[in-house]
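Accompanying notes for the structure given below.
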Ligand code: PMT
């Protein structure tokens, strides 16, 4: 029987500590064993007895509380398959960034080699303070997943960023980290993903775009992160939360997407071009709103020019050892068209998917054929997240075969 994974939940002194109870329950519902370590300040918000009742495990607070375990921080650190700190105060983030270990939670954090997931929560000004942002960047650069705080009405009365992220998003980030620790087959690799549509302005209020929701690309980014990769996600305008831990670059137009992708492409080991890039853009976007009536002639004849083909352009700049994956979105003859795109765009793998009639665009599931020079693999309809893993599996096989 597979060993039950242990998530060590660190709770720090913040009003959002009450939400840690829901996080503990959420992790338990997904099959995890949960242990809790609290700072002394956190016990002012939630009694350790609450967590002991929820987890049926002793709750650790003081460095010297457990006489039966003289080096408690080490045994806690070793038991953890993932260390999730939620909520994480500005103070605890700062201490971890500096390597300060002056209580049981921060000492355990320093001793823990398991993946670290940090969900900050604090007042908006504390969250946006340069020191806090720098500390969170430091933790992220060391491999921690930061589940960014949300915006809204804060307990202190201020409105802005600093609210603990949604419980479900935090649970999901911890599970992704667990899954990544289990597989970790992309550890040490950089993955670049393009996602979503592009918007090509006609005037300040109108633009040309397409139906891409970004779900497929975001699923690829989440899968790569879960498997230990360092991920850059270059995203067109979408309404999705990016997966925790990705370096996200938001763009609007195809030209912006090319410029944003180029530096990350140079460093990437695997590149997945999922974005639905507009092939054409208005040649002369107006700098004022074109008026119905007065500007009918201009609106009826919008001159279009070709956008750069991001995949084809960057594939020409590739260096040895890079694996380039593209998509082919087709309403017919997907595999035949994918074979052509494999050659004309210079990719190693094309994910052919049929679109239209409710398929692929905006859906949670997708059906694809993986087309490479050594043949095709038809996959059944499956969740985009699962397809993302299948694409990364194939990319790794192609890398190994090179
Ligand atoms: O975002 P979702 O709602 O989840 O939908 C997913 C999807 C349908 C967008 C996705 O599965 C998909 O098919 N993405 C590629 C869409 C597309 O533009 O396909 P294409 O056949 O036109 O382009 C072929 C490849 O060239 C793609 O990898 C594309 O990213 C790339 N390309 C295309 C044009 C261009 N100017 N630059 C490019 O890089």
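Just so you know, all these numbers are worked out from the coordinates, no wet-lab data involved. Please read all numbers here as calculations on a predicted model, not as lab measurements. Neighbour counts are summed over all protein chains in view; Cβ atoms, including those assigned to glycine, are modelled from backbone coordinates with ideal geometry.
Brief remarks on what is shown
- Computed label-point distance, nm, for sites residue 399 and residue 312 using a 7 Å Cα→Cβ extension: 2.8
- Shape of region 326-402, Cα gyration tensor, a/c cut at 1.5: oblate
- Fraction of beta bridges assigned by DSSP in region 48-171 that are antiparallel (%, nearest 5): 40
- Directionally averaged projected area (region 26-172, Cα convex hull): 8.6 nm².
- Relative contact order (percent, whole number), region 1-126, Cα cutoff 8 Å, 6+ residue spacing: 30
- Look at the alpha carbon pairs under 8 Å that are at least 6 residues apart: their mean separation over the length of region 261-346 gives a relative contact order of 39 percent.
- Three-way shape call for the chain based on the alpha-carbon gyration tensor, with the a/c threshold at 1.5: prolate
- For region 254-322: Kirkwood Rh in Å [reciprocal of mean 1/r, alpha carbons]: 14.5
- When the helices of the chain are scored as -39500 (n - 2.57) per DSSP H run of n ≥ 4 and the total is divided over every residue, the value at 222 nm lands at -11000 deg cm²/dmol.
- When the convex hull of its Cα atoms is viewed from all sides, region 47-116 shows a mean projected area of 4.9 nm².
- For region 234-366, the share of DSSP beta bridges that are antiparallel, to the nearest 5, is 25%.
- Förster radius 41 Å - calculated FRET efficiency between residue 40 and residue 343 (Cβ-Cβ, nearest 0.05): 0.05
- Distance distribution P(r), region 64-103, all Cα-Cα pairs, bin width 5 angstrom from 0: 5, 19, 20, 25, 22, 8, 1 percent.
- Distance between the modelled labels on residue 299 and residue 79, one decimal in nanometres: 6.7 nm (7 Å Cα→Cβ projection).
- Extension gain for residue 128-residue 153 works out to 7.5 nm (0.36 nm per residue, less the C-alpha to C-alpha distance).
- For region 321-364, diffusion coefficient by Stokes-Einstein and Kirkwood Rh (Cα), 25 °C, 0.890 mPa s, µm²/s: 224
- When 84, 8, 258, 110 are sorted by how many other C-beta atoms sit within 10 angstrom of their C-beta, beginning with the fewest, the order is 110, 258, 8, 84.
- Exposure proxy order (Cβ contacts within 10 Å, fewest to most) of 213, 235: 213, 235
- Using the alpha-carbon positions of region 184-298, Rg (one decimal) and Dmax (whole number) come out as 16.6, 60 Å.
- Beta bridges from DSSP with both residues in the chain: antiparallel share about 35 percent, rounded to the nearest 5.
- Centroid-to-centroid, using Cα positions, region 106-132 and region 16-82 are 17 Å apart.
- In a fully extended conformation the segment linking residue 259 and residue 53 would gain 68.9 nm over its present Cα-Cα distance, using 0.36 nm per residue.
- Cα gyration tensor shape for region 135-255, rounded if a/c is under 1.5, else prolate or oblate: oblate
- Of interest is the spacing of the C-alpha centroids, which for region 310-387 and region 186-233 amounts to 15 Å.
- Only Cα pairs under 8 Å and 6+ residues apart enter the sum, and on that basis the relative contact order of the chain stands at 11 percent.
- Extension gain (nm, one decimal) between residue 71 and residue 335, 0.36 nm per residue minus Cα-Cα: 89.1 nm
- Pairs of alpha carbons in region 264-402 whose separation is greater than 17 Å (percent): 65
- Each label was represented as a point 7 Å from its Cα along the Cα-to-Cβ direction; for residue 184 and residue 4 these points are 2.3 nm apart.
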